[in-house]
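What follows is a set of notes on a single structure, which appears directly below.
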Amino acid sequence: MEKVKNETQTKRELVITRIINAPRELVFKAFTESERLAQWWGPKGSEIKVSKLELRPGGTFLYNMSRPDGLLLWGKFVYREIIAPERIVFINSFSDENGNIIRAPFSETFPLEVMNTLTLTEENGKTTLTLRGLPINATDEENETFFAMTEGMQQGFKGTFDQLEEYLNKIQSK
């Protein structure tokens, strides 16, 4: 019975794939260096400030996002696996400024933790980025909220990855 549940969850995971006109090494650096992340991470129009970036298994990326409407949000990654330059596994959460996990400001039933797997493959100087996300340690209600929001998350990550692509185009043209 557990196997069926996992297959169902896998079919409902968030999956985003994007081909980026940049070498894999550079895309990996954009995800792993604080000064680069601050240039593109987050929703369009938000300003990112990196508080901490410890790129190692068990390490933390703690940041805040100031939105144009004045709302300040904190986010946190806890890295599980890093295989440069091809794979990063991390747990993503909303947090307070001290890194304590908190509820998402937009939903009392959004999962507290989402496991993300980022894979990067390169062919002919272009990188295929694939991000897979799935709630962990979540209740059935939290899973349902996540699955109901996947279309909106797809749109949000499209804007974020548009910014990544703009940033990479800009630095490659210098």
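When residues of segment 35-52 are filtered for being touching a Leu at 6+ places or on another chain (Cβ under 7 Å) and open to solvent by 40 Å² or more (accessible area, probe 1.4 Å), how many remain?
Total meeting the criteria: 3.
Give the number of residues within segment 76-93 that are over 15 Å from residue 115 (Cβ atoms) and surrounded by 15 or more Cβ atoms within 10 Å (Cβ to Cβ).
Selection size over segment 76-93: 1.
Name the residue that is nearest to residue 21 (Cα to Cα), counting only residues in segment 140-174 that are small (Gly, Ala, Ser) and in contact (Cβ under 8 Å) with a residue 40 or more places away in the chain.
159
Taking only segment 94-116 into account, find how many residues are under 16 Å from residue 52 (Cβ atoms) and surrounded by 13 or more Cβ atoms within 10 Å (Cβ to Cβ).
Residues meeting the conditions: 4.
Which residue, of 61, 110, is assigned to a loop (DSSP other than H, G, I, E, B), in contact with a helix residue (DSSP H, G or I) (Cβ under 8 Å, 6 or more places away or on another chain) and among the aromatic types (Phe, Trp, Tyr)?
The unique qualifying residue is 110.
Within 28 Å of residue 171 (Cα to Cα), surrounded by fewer than 17 Cβ atoms within 10 Å (Cβ to Cβ), in contact with a strand residue (DSSP E or B) (Cβ under 7 Å, 6 or more places away or on another chain) and among the polar types (S, T, N, Q): is that true of residue 119 in this structure?
Working: within 28 Å of residue 171 (Cα to Cα): yes; surrounded by fewer than 17 Cβ atoms within 10 Å (Cβ to Cβ): yes; in contact with a strand residue (DSSP E or B) (Cβ under 7 Å, 6 or more places away or on another chain): yes; among the polar types (S, T, N, Q): yes.
Considered against the rule, which asks whether it is within 28 Å of residue 171 (Cα to Cα), surrounded by fewer than 17 Cβ atoms within 10 Å (Cβ to Cβ), in contact with a strand residue (DSSP E or B) (Cβ under 7 Å, 6 or more places away or on another chain) and among the polar types (S, T, N, Q), residue 119 comes out as yes.
I need every pair where a residue in segment 16-34 that is among the polar types (S, T, N, Q) has its Cβ under 7 Å from the Cβ of a residue that is surrounded by 16 or more Cβ atoms within 10 Å (Cβ to Cβ) and part of a helix (DSSP H, G or I), sequence separation at least 6 or different chains.
From segment 16-34, no pairs qualify.
The values are calculated or read from the model by the stated rules, or taken from the named source; none is laboratory data. This is a predicted model, so every value here is computed, not measured. Glycine also receives a Cβ, built like all others from the backbone with ideal geometry; neighbour counts cover every protein chain displayed. With ligands, DNA and RNA removed, areas are computed over all heavy atoms of the protein, side chains included. Shrake-Rupley method; radii C 1.70, N 1.55, O 1.52, S 1.80 Å.
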